[in-house]
Each structure stands twice: as C-alpha cells, then as structure tokens.
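A short reminder: the numbers here are calculations on the coordinates, not readings from a lab. The model shown is predicted, which means the values in this text are computed figures rather than measured ones. We place every Cβ from the backbone using ideal geometry, glycine too, and count neighbours over all the protein chains shown.
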Amino acid sequence: MRTPENQAAYDAFKQTYKGECAFCDMPEREPTQVVETNETMMVIQNIFPYNNWDGFVVADHRMIVPKRHLGSLDAFNEQERNDYFDLLREYEAAHYSFYSRAPSNTARTVYHLHTHLIKPVGY
C-alpha cells in the first residue's frame with residue numbers, strides 16, 4: 001500500500017509516460033534510482049514505494065529488474081537465473097522480503113518482470 005501522495009504520483013506517471021517500458025529506460029531516465037547491477041540484472045529504488053506491506057511499515061522498497069525485457073521467470077537464461085537468485089539471497093540475508101506477480105496476474109501494471117524487495121522498519 002502506498003501513501004496517497006505516492007499513489008497519486010504513480011497514477012500520474014502511468015497516464016503521462018510515453019516510453020515503451022519504464023524499466024527498460026530506467027537507467028537513462030532515472031539513473032540515480034539504480035542501486036546496483038550485475039551482468040544481467042539491476043536493482044532499482046522504487047520511485048513510488050509502498051509505505052505498508054503485510055501490515056508492517058516499510059523502511060526500504062527496491063526492485064530487481066532484468067536488464068533484458070522479459071515477462072516471466074520462465075524466460076530467464078542460465079546466467080539471468082543465477083544473477084537473479086544471487087541478488088535474492090543477498091537481499092534475503094539483509095532482511096528483505098520479496099514479491100513478484102505472475103504474468104497472468106491482472107494487478108500487474110508493467111509487463112517487464114520485476115521483483116519487489118521490501119524491508120520492514122526495525123531491520
């Protein structure tokens with residue numbers, strides 16, 4: 001759940017964004033949002049973060065995004081799979097939970113695969 005201000009900003013972005021994929025052009029459009037990269041993945045700071053997740057206040061909200069435009073985990077090649085799980089392990093050890101919607105999930109607003117990394121307050 002986002003704050004009303006973050007939700008309004010996100011809704012406005014969705015209505016005005018003219019590019020093909022907000023994640024594919026993220027490094028050029030919002031380079032300061034890229035926290036880290038490896039060969040095939042980038043970790044970005046969520047511009048429109050959730051402030052509450054699973055009933056807990058969110059301290060930090062990042063996302064793992066493949067550099068290649070992909071819609072599902074099934075499309076990963078071996079290097080992407082390894083890089084993705086290396087990042088998941090790193091963030092899990094740092095007390096982040098993770099969430100990714102299935103390609104068929106109607107709540108998914110961007111078709112480019114992305115996995116939310118959520119760290120609650122207190123960790």
Treating only Lys and Arg (+1) and Asp and Glu (-1) as charged, each at its beta carbon, one finds that the chain has a dipole about its Cα centre, in Debye to the nearest 20, of 360
Simple SL model, points at 7 angstrom along Cα→Cβ for THR32 and TYR99; separation in nm is 2.8
The alpha-carbon center of the range 52-123 and that of the range 10-31 are separated, in whole Å, by 18
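Calculated from DSSP H runs of 4 or more alone, at -39500 (n - 2.57) each and per residue, what is the 222 nm mean residue ellipticity of the chain, nearest 500? All intermediate terms of the calculation are to be shown ahead of the outcome.
Working: 3 runs with 33 residues, N = 123.
Counting only the DSSP helices, I get -8000 deg cm²/dmol.
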Looking only at aspartates and glutamates whose Cα falls under 19 Å of LYS14's and that sit 8 or more positions away or on another chain, we get GLU5, ASP25, GLU28, GLU30
Taking a crude spin-label model, label points 7 Å out from Cα along the C-beta direction, the LYS14 to MET1 distance in nm is 1.8
Toy charge model, Lys and Arg Cβ at +1, Asp and Glu Cβ at -1: the range 36-89 dipole around Cα centroid in debye, rounded to 20, equals 120
